[in-house]
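Take a look at the following structure, please.
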Amino acid sequence: MAFKQLVFSGVQPTGNLHLGNYLGAIVKFVELQKHFECIYCVVDLHAITTWQDPEELPKAIREVTAAFIACGIDPKKHIVFNQSQVAEHAELAWVFNCVARMGWLNRMTQFKEKAGKDRENVSVGLFAYPTLMAADILVYRATHVPVGEDQKQHLELSRDIAQKFNNDYSASIAKHGFGDAFFPQPEPLIQGPATRVMSLRDGSKKMSKSDASDYSRINLTDDADTIAQKIRKAKTDPEPLPSEEKGLETRPEADNLVGIYAALKDTTKADVLREFGGAQFSTFKSSLVDLSVAKLGPIGGEMKRLVADPAYIDAVLADGSNRAREIAAKTMLSVKDIIGLVRR
Ligand code: TYM
């Protein structure tokens with residue numbers, strides 16, 4: 001069966017949005033608007049899989065929404081909303097909890113990393129997190145999902161869940177007029193030179209909202225001086241930059257900074273090395289500061305302006321939620337019919 005092309009993605013409202021979120025995901029969200037209908041979600045139900053301060057959570061939800069808009073997402077042409085306002089996400093997640101297998105979830109590396117040695121003490125929600133993620137995507141029967149490299153395994157699980165649902169209920173799916181598949185196989189879109197932006201302090205660690213050191217990441221709200229300081233302090237090695245990509249293979253910090261530069265400039269690492277091959281890091285870092293400030297400065301400024309007007313942000317989320325709910329409710333009614341749940 002052919003599915004209507006639709007883009008869905010989500011960002012958690014936890015901590016500071018950083019350059020990894022921007023280059024790995026949000027830049028792609030903006031680009032995809034030109035060619036697809038898009039739904040972008042602030043995944044607040046995912047955020048509460050670890051405890052969130054009720055005083056801070058609404059601010060974080062509004063800040064991610066502001067970031068979407070400040071980066072260039074158009075909430076009128078596309079849909080921007082927060083997950084908890086569309087109950088069908090949680091409802092379909094329950095169905096998927098009954099479709100997904102324990103063994104599948106046990107293999108999720110992100111859960112293993114986050115739970116660590118404290119496995120017995122983390123929330124059930126943290127374990128079931130990927131089934132909610134599958135529900136986010138599939139409640140809209142979305143076909144394309146732009147994400148960073150770290151979400152690849154979750155996307156594969158979403159595909160497995162879609163397939164198992166289609167198989168388990170194949171006769172009923174056909175009987176209700178949906179042909180041989182009710183859910184599409186959502187395709188991950190993981191492309192470009194910055195699908196995994198690394199910490200500025202340690203090239204072997206992902207740039208992350210939860211890193212204790214603020215110097216490990218560039219936040220979207222950092223001012224020009226802070227950005228400059230963080231880049232100047234970023235870990236490097238003593239060699240000049242190589243002229244070819246092969247020369248980056250054993251130099252994770254250099255590779256990371258070149259990838260960031262390439263992504264910010266919308267070009268390739270090879271192109272960046274053609275320009276900077278043989279240069280010292282001090283020269284390259286100065287250019288990287290200028291480029292970063294030019295790209296991120298206006299976004300940070302616009303975010304600050306937007307979060308100062310929470311009524312506007314809340315109106316965007318209410319409108320987006322209403323439009324999202326219409327699509328999600330329709331999917332849920334069909335899911336109930338397919339499963340055999342009696343409904344009004
Ligand atoms: P989250 O909130 O951790 O991150 C949001 C997006 O940013 C990407 N990302 C990165 N990309 C490159 N380098 C990095 N260092 C980096 N850090 C984060 C993430 O890959 C992601 O695309 N589970 C998701 C949110 C989610 C979702 C969904 C995504 C919930 N439901 C449905 C897609 C579809 C998450 O925690 O992302």
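What number goes with the only condition from (1) crowded, with 21+ Cβ neighbours inside 10 Å; (2) farther than 19 Å from I299 by Cα; (3) of a type in the set (A, V, I, L, M) that V42 does not pass?
Of the numbered conditions (1) crowded, with 21+ Cβ neighbours inside 10 Å; (2) farther than 19 Å from I299 by Cα; (3) of a type in the set (A, V, I, L, M), the odd one out for V42 is (2).
Inspect segment 201-224 for any residue being closer than 21 Å to V64 by Cβ, among the acidic types (D, E) and within 12 Å of the ligand (Cβ to nearest atom) and give the result as yes or no.
Yes, segment 201-224 has at least one match.
Could you pull out the residue among V307, V335, V342 that is under 24 Å from F81 (Cα atoms) and over 25 Å from the mean Cα position of the chain (by Cα)?
None of the others qualify; the one that does is V335.
Based on what the data block shows, is E56 modelled with pLDDT of 95 or more, of a type in the set (D, E) and more than 30 Å from D160 (Cα to Cα)?
Yes: the conditions hold for E56.
Can you tell me which residues in segment 55-80 are in contact with a Ser or Thr (Cβ under 7 Å, 6 or more places away or on another chain) and either outside any helix (DSSP H, G or I) or hydroxyl-bearing (S, T, Y) (or both)?
Matches in segment 55-80: V80 only.
Right, next: Which helices (runs of 4 or more DSSP H) sit wholly inside segment 243-333 and have at least 2 residues that are touching a residue at least 40 places away in the same chain (Cβ under 8 Å) and either out of contact with any strand residue (DSSP E or B) (no Cβ under 9 Å at 6 or more places or on another chain) or of a type in the set (S, T, Y) (or both)?
Here the list reads 252-264, 281-307.
In addition: Do we have T195 as of a type in the set (S, T, N, Q), on the phi < 0 side of the Ramachandran plot, within 15 Å of the ligand (Cβ to nearest atom) and part of a loop (DSSP other than H, G, I, E, B) here?
Yes, satisfied.
A follow-up question, please. Scan segment 9-38 residue by residue and report those that are more than 22 Å from D266 (Cα to Cα) and in contact with a Ser or Thr (Cβ under 8 Å, 6 or more places away or on another chain).
Result: T14, G15, N16.
If you don't mind, another one. Filter segment 130-142 down to the residues that are within 20 Å of N106 (Cα to Cα) and out of contact with any Phe, Trp or Tyr (no Cβ under 7 Å at 6 or more places or on another chain), then identify the one that is nearest to the ligand (Cβ to nearest atom).
Looking at residues that are within 20 Å of N106 (Cα to Cα) and out of contact with any Phe, Trp or Tyr (no Cβ under 7 Å at 6 or more places or on another chain), I get M133.
If you go through segment 1-45, how many residues are within 11 Å of the ligand (Cβ to nearest atom) and in a helix (DSSP H, G or I)?
So the count comes out to 13.
Give the residue, chosen from T143, T221, T131, that is among the β-branched types (V, I, T) and in contact with a Gly (Cβ under 7 Å, 6 or more places away or on another chain).
T221
Hey, Q52 hits all of (1) part of a loop (DSSP other than H, G, I, E, B); (2) buried (at least 21 other Cβ atoms within 10 Å of the Cβ) but one; which does it fall short on?
Q52 satisfies every listed condition except (2).
A follow-up question, please. Does S172 satisfy the condition of being within 12 Å of the ligand (Cβ to nearest atom) and either free of Cβ contacts under 8 Å to residues at least 40 places away in the same chain or surrounded by fewer than 15 Cβ atoms within 10 Å (Cβ to Cβ) (or both)?
Here the answer is no, as S172 does not meet what is asked.
Within segment 143-162, which residues are more than 7 Å from the ligand (Cβ to nearest atom), part of a helix (DSSP H, G or I) and not polar (S, T, N, Q)?
K152, L155, E156, L157, R159, D160, I161, A162
The values are calculated or read from the model by the stated rules, or taken from the named source; none is laboratory data. Note that this is a predicted model, so its numbers are computed, not measured. We place every Cβ from the backbone using ideal geometry, glycine too, and count neighbours over all the protein chains shown.
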